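Notes follow once the structure below has been shown.
Values in this text are rule-based calculations from the coordinates and carry no lab data. Since the model is a prediction, treat every value here as computed from it, not as a measurement. Note that we place each Cβ from the backbone using ideal geometry, even for glycine, and neighbour counts take in every protein chain shown.
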Amino acid sequence: MVDLGSRETAKPQDWVNLVLAVLLFISPWALGFTDHIHAARTAWASGIVIGFVALAAIVQFAEWEEWLNLLLGVWLIFAPWIVGFAGVVAAMRTHVALGVLIALFSAWELWAVRHETSAHA
């Protein structure tokens, strides 16, 4: 296994995931689905967790942080159907769109870090 625990600066993907987490957190107010408690709570809780993981990756990178955000992005994609708010169109679209972006940026960083490490080996 390649040691990916150290790197000099945070990748831009970490900052993007932090911004996406903030957008997810404020989305119930911004898009008007605070009255749909399951959708709002999912956005708030997921936004907080994704934000903390992104901050942790910015401060001190560890590969598990990217894997966790990748899984959380996939969770967001399916959450409307699992939690039961797929009928709340604004919430469903927000969760799916931000989930796709978070998963993609996390996967991109995992790919970049592994290829960056391979290039130096």
Within the range 21-28, is even one residue touching a Ser or Thr at 6+ places or on another chain (Cβ under 7 Å), in a loop (DSSP other than H, G, I, E, B), among the hydrophobic types (A, V, I, L, M, F, W, C) and in contact (Cβ under 8 Å) with a residue 60 or more places away in the chain?
-> no
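Quick check: anything in the range 73-81 without any contact (Cβ under 8 Å) to a residue 60 or more places away in the chain and assigned to a loop (DSSP other than H, G, I, E, B)? Even if it seems obvious, please write down each step before you answer.
At the first step, the residues of the range 73-81 found to be without any contact (Cβ under 8 Å) to a residue 60 or more places away in the chain are 73-81.
Applying the additional criterion that residues be assigned to a loop (DSSP other than H, G, I, E, B) yields none.
Within the range 73-81, not a single residue is without any contact (Cβ under 8 Å) to a residue 60 or more places away in the chain and assigned to a loop (DSSP other than H, G, I, E, B).
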Which one is nearest to the chain's Cα centre (by Cα) among residues in the range 29-55 that are farther than 15 Å from Arg93 by Cβ and outside any helix (DSSP H, G or I)?
-> Thr34
Could you list all residues from the range 56-80 that are β-branched (Val, Ile, Thr) and within 8 Å of the chain's Cα centre (by Cα)?
-> none
Would you check which residues across the range 18-71 are buried (at least 19 other Cβ atoms within 10 Å of the Cβ) and of a type in the set (Val, Ile, Thr) and list them?
-> Thr42, Ile50, Val53
